[in-house]
Amino acid sequence: MSAPEPPNGILLGSMRACVIGAGTMGAGIAAHIANLGYEVLLLDVTADAAKNLLERATKARPPHFYGNEAISRVTTGGIDVDLPKVAECDWICEAIIENLDAKRDLYQKLLPYLKPDAMISSNTSSLPLGLLAEGFPDTFRMRFLGTHFFNPPRYLKLLELIPTEDTLPHEVEKQTKFLEGQLGRRVVLAKDTPGFIANRFGMWSMFHAIHTAEKLGLSCEQVDAVCGPFLGRPRSAAFRLNDLVGADVMQFIAGIMHEQCPNDPYRETLETPESLKFLLEKGWLGNKSGQGYYRREGKSFLVLDLKTYAYRNTLDAEFDSIAAVAKKPIGERIRTVLASKDEAGEFLREHLVPVLQYAHYLKEEISHTVQDFDRVMMWGFGWEIGPFALIDAIGAEHLGIQTEKFYAPGAILGHSGQYEPAKNEPEYRGLTEYAVLEEQPGFNVRDLGDGVRAICTTTKMGVITPELVQSLLTWLPSQTGPMVFTSEARAFSVGYNLNFFAERAEAKDWNAIDAGLKDLQDLTVLLSEKQIIAAVFGHCLGAGFEIATACSNIICHPESNIGLPEALVGLLPGGAGTCRMRLRYQTSLQDLTNGLKTIASGETSGFGYAALQKGFLRPTDSIASHPDRVIWDAKIMALSAEPRSMPTWKQMEGPLSGMIDRMIDEEMKAERFSNHDATIAHKMKQVFTKPTSFEEALAVERQEFIELTQSALSVARIRHMLDSGKPLRN
């Protein structure tokens with residue numbers, strides 16, 4: 001097996017992209033490209049229009065850009081005067097209005113300026129690519145295809161790649177390699193049919209849910225109670241998803257599908273539901289207009305009554321049939337509720353069954369494989385499993401579908417009716433697909449191949465417990481060779497088990513707290529002596545971060561939330577975290593002061609590149625360019641990793657203590673620190689200023705931590721976090 005080059009953080013390169021159309025999608029695409037380190041030319045009708053739309057994009061929520069550095073990589077201009085600059089670009093991505101004539105007119109203007117080897121694509125979500133390119137020179141048609149990004153591009157990894165009959169195979173391969181390898185997308189090759197896979201099936205499914213609710217007289221809340229996590233879909237479910245997409249966008253896409261698919265026997269579903277007509281007439285388009293099927297009132301929501309079209313308070317919409325099977329595997333729970341006599345069962349029979357039947361009808365027309373079809377719904381719509389995997393899980397016989405199972409070990413049922421080998425994509429393997437070599441208390445050891453093993457914590461949300469620490473301390477000393485430290489949970493780690501500190505503090509068992517901290521500190525020192533990479537994703541907080549940063553290097557998912565929020569629960573980082581950050585910031589007195597302020601504020605990064613800016617990630621740590629290759633990249637890095645040598649503890653000359661005191665006073669005057677925040681900061685100051693060595697600092701860190709657990713205010717913060725999940729700034 002040939003291994004790729006090790007990742008090295010932001011992918012800076014000579015490639016220059018041009019995005020034409022600075023609206024919501026165009027600006028989002030430009031932001032994603034710039035986030036990864038590339039220069040982007042963003043054009044709109046005029047330079048002023050492009051500048052204003054870019055400014056709007058910088059204020060988007062959730063944010064499109066990683067920060068000001070990424071924004072600075074975008075240059076704006078106008079199609080009217082700046083189109084010749086396209087000659088400098090290696091990839092031109094058109095993202096203007098969904099209008100055939102407008103797009104073709106733009107391509108005609110582009111022709112004189114295109115580099116001979118430039119990649120050319122359209123971000124159209126519905127227009128036929130063959131029709132867009134019809135009549136243009138061979139040199140254009142042979143490298144033109146669709147790159148259908150999903151909104152917002154920073155967060156949704158799916159990209160439908162749509163070649164025409166004229167697109168050369170090597171151009172498809174070239175763009176696939178670029179989009180996956182450099183832009184971090186998961187590419188699905190779709191056929192050049194109306195709406196491709198996502199809009200043809202996804203929008204139809206959304207409309208079908210509304211029609212079914214109206215037909216059965218069900219409320220928005222009832223339908224959302226069925227169409228969310230119970231069906232393996234996001235909490236946005238059905239009607240909240242409609243508001244997110246927007247009534248106008250839904251009607252526009254459905255209208256195009258309805259027009260372009262006259263022979264589709266399921267076409268009538270794309271006709272506008274009565275409730276959607278009402279919202280469109282009122283201009284209540286969803287989230288973008290502040291109200292749609294739901295409307296926020298203060299901290300709560302009102303919902304549109306589908307019978308009266310008046311807003312009312314939301315009602316409890318839980319179904320006993322769903323609650324009884326909520327923890328069952330997805331196929332079993334749906335199969336059970338399908339047979340129930342309540343409204344949830346009736347909705348599934350009237351909605352889910354036709355939806356899966358429609359997928360079965362469409363599959364050959366719009367997709368190359370059922371796996372491609374499933375991936376679009378998983379990666380673009382957030383489904384746990386796609387429609388064909390769902391048919392397998394429920395059982396086709398329960399759905400009125402005659403078929404063999406679509407998935408078999410190592411094979412997929414092809415459209416021909418014969419099984420075909422599944423794609424071999426080792427770089428995208430999920431952690432649980434690797435064989436377990438050992439099961440230890442609190443973690444599994446998995447075989448990543450090539451002599452690399454993964455230490456995978458198995459606690460809920462990667463919580464660090466005393467038992468897990470002891471288990472690792474027992475197992476690790478005898479281990480050699482390259483390893484990856486990660487988690488099988490939904491996050492790398494949300495930190496240490498707070499119940500341990502709350503219970504020991506209330507029992508005044510300070511020795512137990514000291515012993516627990518000492519073990520955690522010893523574990524971090526032991527990890528730094530090993531050839532080990534931390535593969536971080538989701539949350540990497542508190543003790544989880546202390547463990548990760550002790551490893552040779554960290555590689556993180558780009559949206560990882562990283563940091564030391566202990567101050568929010570009345571504590572300081574006690575697993576060598578305060579000591580290690582002191583070493584991290586000891587480049588100057590001001591850096592030390594600013595660094596202490598960061599951890600005393602309980603700040604976390606929010607995403608990977610911010611962690612680099614805040615100093616939680618070192619310059620030698622990496623941010624995965626592809627969100628699905630964190631484990632793969634960690635494995636490659638582990639092969640050449642070296643133990644993390646401890647920096648020398650510098651004795652700082654100058655008024656460090658006074659500078660920290662002034663910073664604390666300023667934060668209190670600005671009301672950013674409470675009195676107890678100031679107390680915590682002064683405790684951290686002891687670790688930053690008193691010790692003369694790392695070993696001495698570890699002892700000071702434990703002592704200051706214990707003194708905080710003896711404070712009623714700190715215990716109150718811990719209890720409040722445990723009870724509410726929110727910090728208390730007392």
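Does Gly725 meet the test of being at positive phi and either of a type in the set (Ser, Thr, Tyr) or touching a helix residue (DSSP H, G or I) at 6+ places or on another chain (Cβ under 9 Å) (or both)? Judged against the criteria, Gly725 is not a match. Within the option set Glu467, Glu439, Glu404, being in a strand (DSSP E or B), modelled with pLDDT of 95 or more and more than 17 Å from Asp628 (Cβ to Cβ) holds for one residue only, Glu439. Would you be able to say whether some residue in region 205-213 is open to solvent by less than 10 Å² (accessible area, probe 1.4 Å), more than 19 Å from Pro387 (Cβ to Cβ) and within 23 Å of the chain's Cα centre (by Cα)? Within region 205-213 (the criterion being open to solvent by less than 10 Å² (accessible area, probe 1.4 Å), more than 19 Å from Pro387 (Cβ to Cβ) and within 23 Å of the chain's Cα centre (by Cα)), the answer is no, since none of the residues qualifies. Out of all the residues in region 288-314, which are hydrophobic (A, V, I, L, M, F, W, C), surrounded by 12 or more Cβ atoms within 10 Å (Cβ to Cβ) and in a loop (DSSP other than H, G, I, E, B)? Of everything in region 288-314, just one residue is hydrophobic (A, V, I, L, M, F, W, C), surrounded by 12 or more Cβ atoms within 10 Å (Cβ to Cβ) and in a loop (DSSP other than H, G, I, E, B), namely Leu306. Taking region 435-457 as the range and being open to solvent by less than 60 Å² (accessible area, probe 1.4 Å), in contact (Cβ under 8 Å) with a residue 40 or more places away in the chain and farther than 12 Å from Val484 by Cα as the test, no residue passes. Criterion applied to Glu165, Glu160 was being among the acidic types (Asp, Glu) and assigned to a loop (DSSP other than H, G, I, E, B), and the one residue passing it is Glu165. Of the residues Gly345, Gly380, the single one that is over 23 Å from Pro265 (Cα atoms) and in contact (Cβ under 8 Å) with a residue 60 or more places away in the chain is Gly380.
Contact annotation: no residue pair with Cβ atoms under 7 Å, 6 or more positions apart or on different chains, pairs a residue in region 633-648 that is polar (S, T, N, Q) with a partner that is assigned to a helix (DSSP H, G or I). The residue that is farthest from Leu127 (Cα to Cα), among those in region 57-105 that are charged (D, E, K, R) and open to solvent by less than 60 Å² (accessible area, probe 1.4 Å), is Arg73. Out of Lys177, Lys157, I need the residue that is within 22 Å of Tyr428 (Cβ to Cβ), in contact (Cβ under 8 Å) with a residue 12 or more places away in the chain and either surrounded by fewer than 21 Cβ atoms within 10 Å (Cβ to Cβ) or over 30 Å from the mean Cα position of the chain (by Cα) (or both). Which one? One residue alone meets the criteria, Lys157.
The set of residues in region 601-617 being outside any helix (DSSP H, G or I) and open to solvent by less than 20 Å² (accessible area, probe 1.4 Å) consists of Gly602, Ser605, Gly615, Phe616, Leu617. Scanning region 124-154 for residues that are within 19 Å of Asp372 (Cβ to Cβ) and under 26 Å from the mean Cα position of the chain (by Cα) gives Thr124, Ser125, Ser126, Gly146, Thr147, His148, Phe149, Phe150. Within region 137-154, being aliphatic (A, V, I, L, M) and either closer than 30 Å to Lys59 by Cα or open to solvent by less than 60 Å² (accessible area, probe 1.4 Å) (or both) holds for one residue alone: Leu145. Counting the residues of region 649-665 that are in contact (Cβ under 8 Å) with a residue 60 or more places away in the chain and part of a loop (DSSP other than H, G, I, E, B) gives 5.
Would you check which residues across region 666-701 are of a type in the set (Lys, Arg), under 27 Å from Leu517 (Cα atoms) and either part of a helix (DSSP H, G or I) or open to solvent by less than 30 Å² (accessible area, probe 1.4 Å) (or both) and list them? Hits for region 666-701 are Lys683, Lys685. Inside region 299-312, residues that are within 32 Å of the chain's Cα centre (by Cα) and modelled with pLDDT of 95 or more make up a count of 3.
For Pro194, the conditions (1) crowded, with 18+ Cβ neighbours inside 10 Å; (2) outside any loop (DSSP other than H, G, I, E, B); (3) not basic (Lys, Arg) all hold with the exception of (2). Taken over region 418-434, the residue count meeting the criterion of being in contact (Cβ under 8 Å) with a residue 12 or more places away in the chain, in a loop (DSSP other than H, G, I, E, B) and open to solvent by 30 Å² or more (accessible area, probe 1.4 Å) is 3. The strands (runs of 3 or more DSSP E) falling completely within region 14-86 that include 2 or more residues that are over 18 Å from Ser625 (Cα atoms) and of a type in the set (A, V, I, L, M, F, W, C) map to 16-20, 39-44.
Looking across region 225-255, the residues that are in a helix (DSSP H, G or I) and open to solvent by 20 Å² or more (accessible area, probe 1.4 Å) come down to Ala225, Pro229, Arg240, Leu241, Leu244, Val245, Asp248, Val249, Gln251, Phe252, Gly255. Scan region 642-665 and give yes if some residue there is open to solvent by 20 Å² or more (accessible area, probe 1.4 Å), among the polar types (S, T, N, Q) and closer than 24 Å to Gly542 by Cα, otherwise no. Looking for residues that are open to solvent by 20 Å² or more (accessible area, probe 1.4 Å), among the polar types (S, T, N, Q) and closer than 24 Å to Gly542 by Cα, one finds at least one in region 642-665, hence yes.
The values are calculated or read from the model by the stated rules, or taken from the named source; none is laboratory data. Being a predicted model, the structure only gives us computed values, none of them experimental. Neighbour counts are summed over all protein chains in view; Cβ atoms, including those assigned to glycine, are modelled from backbone coordinates with ideal geometry. Note: accessible area is taken over every heavy atom of the protein model, side chains too, but ligands, DNA and RNA are not part of it. Shrake-Rupley method; radii C 1.70, N 1.55, O 1.52, S 1.80 Å.
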